Amino acid sequence: MIKKKILFVLDTLQGSGAERSLVEIAIRFKKFTPVFVNIYEGDMLTPILKKNNIKFYSLNVPMERNFKIAAERLAKVYEIEKPDIVHSTLFKSDAVTRILKSNYDIFLVNSFVNNNYSPLRYKELGYVQGLKLKLVQLYDAYTSRKVDFFISNSETIKEAKSKGTLVSKDKIKVIYRGRNIDSFKNINTVHNSRLIEELGLRKKIVLLNVSRLIERKGQLDLINALPLVINQYPNIQLLIAGHGVFQNKLENQIEKLQIKTHVRLLGRRQDIPDLLEISDIFIFPSYFEGLPGALIEAMLSQKIIVCSDIDENKECVDENSAIFFQLGNSRDMADKINYAINNKKELKQLGRNAREQAIIKFNIESISQEYESTYSSILSK
């Protein structure tokens with residue numbers, strides 16, 4: 001039997017949350033043949049595709065919003081592959097596939113993966129940038145009418161994006177992002193012992209944050225909270241794993257607060273399961289998310305989690321699996337971190353509960369099957 005084909009269109013294959021999630025889901029397909037296209041440069045995930053014999057195309061479109069050029073190049077791929085479904089993820093890829101839809105009779109699926117038009121995002125922008133975002137939102141809403149179906153990575157994002165783009169909720173299905181649950185239980189004691197020595201963590205209380213270094217991830221709040229933690233626990237060490245445009249601002253604040261010996265900015269890391277294993281508490285102060293993959297990984301690692309009280313986080317964890325602090329409140333965050341450290345032994349049950357919840361909701365094998373079932377369902381209508 002010839003398998004039906006899904007053409008996944010992404011901005012890049014560089015390895016951020018949405019891209020990595022789709023690759024991990026697609027390599028597990030049994031009923032459909034996935035093909036990937038990345039519009040712009042960035043190929044960190046291509047070794048995974050090669051290893052799993054999945055075809056991919058790189059369009060190498062000059063960066064920024066060259067949607068017309070991208071659509072022309074994508075059309076050539078479409079003519080070669082003749083997929084049954086085109087599925088794009090992230091705004092630029094969505095815009096390109098919607099142009100493609102104008103010229104071809106395709107079944108088009110888009111993903112809702114983040115809260116682009118959050119009131120918090122508008123609030124942090126100046127007038128001009130806010131006006132530009134409003135124009136993007138109007139364009140997004142207008143062209144969304146061309147899309148046949150949407151897959152959202154959370155109920156929170158479904159609600160927000162439906163409201164922000166006027167897409168009917170009947171056209172949106174929620175399928176969570178998945179994770180390989182086995183990747184977060186195999187402990188390499190020898191390797192992790194070396195990692196502890198390498199990072200100078202012997203006899204330290206280790207706090208870990210994993211996310212891009214951008215304003216909405218809340219790392220500045222975390223750094224501002226740290227002196228209040230250091231006052232009670234001088235042997236604290238904060239690790240921040242991630243890269244991004246906010247790095248200089250974080251470094252300047254670390255210098256200003258004179259806490260350089262207590263903070264390590266690790267940059268992009270490929271050993272997140274090991275970092276989770278050697279950490280005591282996972283801190284996630286984000287202002288808004290899609291479905292927070294880093295938080296899910298902390299759940300699978302049975303970490304004590306201290307996170308902001310946003311709806312996106314609460315869709316993953318609850319009071320039985322995490323400790324919440326008031327969004328943007330560094331003092332409340334510090335108080336909750338100090339509480340977690342002081343009661344670490346008793347709070348380990350939160351970590352066990354978190355892993356149990358993650359296995360039920362975020363197992364990559366189940367998620368992959370749900371994607372295939374959804375594709376089969378919408379093609380049969």
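The values are calculated or read from the model by the stated rules, or taken from the named source; none is laboratory data. What you are looking at is a predicted structure, and each value in this text was computed from that prediction instead of being measured. Positions of Cβ are backbone-derived with ideal geometry, glycine not excepted, and every protein chain shown enters the neighbour counts. Note: accessible area is taken over every heavy atom of the protein model, side chains too, but ligands, DNA and RNA are not part of it. Shrake-Rupley method; radii C 1.70, N 1.55, O 1.52, S 1.80 Å.
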Residue among 11, 43 that is of a type outside the set (A, V, I, L, M) and in contact (Cβ under 8 Å) with a residue 60 or more places away in the chain: 11
Test: residue in segment 307-316 that is in contact (Cβ under 8 Å) with a residue 24 or more places away in the chain, over 28 Å from residue 111 (Cα atoms) and open to solvent by 40 Å² or more (accessible area, probe 1.4 Å): no
Of all residues making up segment 254-265, the number that are of a type outside the set (D, E, K, R) and not in a helix (DSSP H, G or I): 5
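Per-residue answers, yes or no, for (1) within 21 Å of the chain's Cα centre (by Cα); (2) under 23 Å from residue 207 (Cβ atoms):
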position	(1), (2)
327	yes, yes
331	no, yes
334	no, yes
338	no, yes
348	no, yes
366	yes, no
373	no, no
376	no, no
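I'd like the full set of residues that are open to solvent by 80 Å² or more (accessible area, probe 1.4 Å) and under 25 Å from residue 380 (Cα atoms), limited to segment 52-97.
The initial filter retains those residues of segment 52-97 that are open to solvent by 80 Å² or more (accessible area, probe 1.4 Å), namely 53, 55, 60, 63-65, 68, 72-73, 76, 79-80, 82.
Of everything in segment 52-97, those that are open to solvent by 80 Å² or more (accessible area, probe 1.4 Å) and under 25 Å from residue 380 (Cα atoms) turn out to be 79, 80, 82.
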Residue tally, condition charged (D, E, K, R) and in contact with a Leu (Cβ under 6 Å, 6 or more places away or on another chain), over segment 268-295: 1
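Any idea which residue in segment 257-300 is most open to solvent (accessible area, probe 1.4 Å), counting only those that are free of Cβ contacts under 8 Å to residues at least 24 places away in the same chain and farther than 19 Å from residue 333 by Cβ? Steps first, please.
First pass over segment 257-300, keeping only residues free of Cβ contacts under 8 Å to residues at least 24 places away in the same chain: 258, 260-261, 270, 295.
From the residues that got through so far, the ones that are farther than 19 Å from residue 333 by Cβ too are 258, 260-261, 270.
On the way: 258: 159, 260: 137, 261: 112, 270: 133 Å².
Going through the qualifying residues, I end up with 258.
Of all residues in segment 33-46, how many are surrounded by fewer than 19 Cβ atoms within 10 Å (Cβ to Cβ) and of a type in the set (A, V, I, L, M, F, W, C)?
The first filter runs over segment 33-46 and keeps only residues surrounded by fewer than 19 Cβ atoms within 10 Å (Cβ to Cβ), leaving 33, 41-44, 46.
Filter once more, keeping what is of a type in the set (A, V, I, L, M, F, W, C): 44.
Residues in segment 33-46 being surrounded by fewer than 19 Cβ atoms within 10 Å (Cβ to Cβ) and of a type in the set (A, V, I, L, M, F, W, C): 1 in total.
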The lone exception for residue 251 - which of (1) within 16 Å of the chain's Cα centre (by Cα); (2) part of a helix (DSSP H, G or I) it fails: (1)
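Name every residue in segment 236-256 that is free of Cβ contacts under 8 Å to residues at least 24 places away in the same chain and open to solvent by 90 Å² or more (accessible area, probe 1.4 Å), in order of residue number.
Filtering segment 236-256 for residues free of Cβ contacts under 8 Å to residues at least 24 places away in the same chain gives 248, 251-252, 255-256.
Scanning segment 236-256 gives 248, 252, 255, 256.
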Filter pass, residue 49 being in contact with a Lys or Arg (Cβ under 9 Å, 6 or more places away or on another chain), crowded, with 18+ Cβ neighbours inside 10 Å and not β-branched (Val, Ile, Thr): yes
Selection from segment 215-255 of residues that are farther than 17 Å from residue 203 by Cα and among the hydrophobic types (A, V, I, L, M, F, W, C): 220, 222, 223, 225, 226, 228, 240, 241, 245, 246, 250, 254
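Here is a yes/no grid of residues against (1) closer than 14 Å to residue 93 by Cβ; (2) at pLDDT below 95; (3) more than 20 Å from the chain's Cα centre (by Cα); (4) open to solvent by less than 60 Å² (accessible area, probe 1.4 Å):
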position: 8; (1), (2), (3), (4): yes, no, no, yes
position: 13; (1), (2), (3), (4): yes, yes, no, yes
position: 16; (1), (2), (3), (4): yes, yes, no, yes
position: 22; (1), (2), (3), (4): yes, yes, no, yes
position: 26; (1), (2), (3), (4): no, no, no, yes
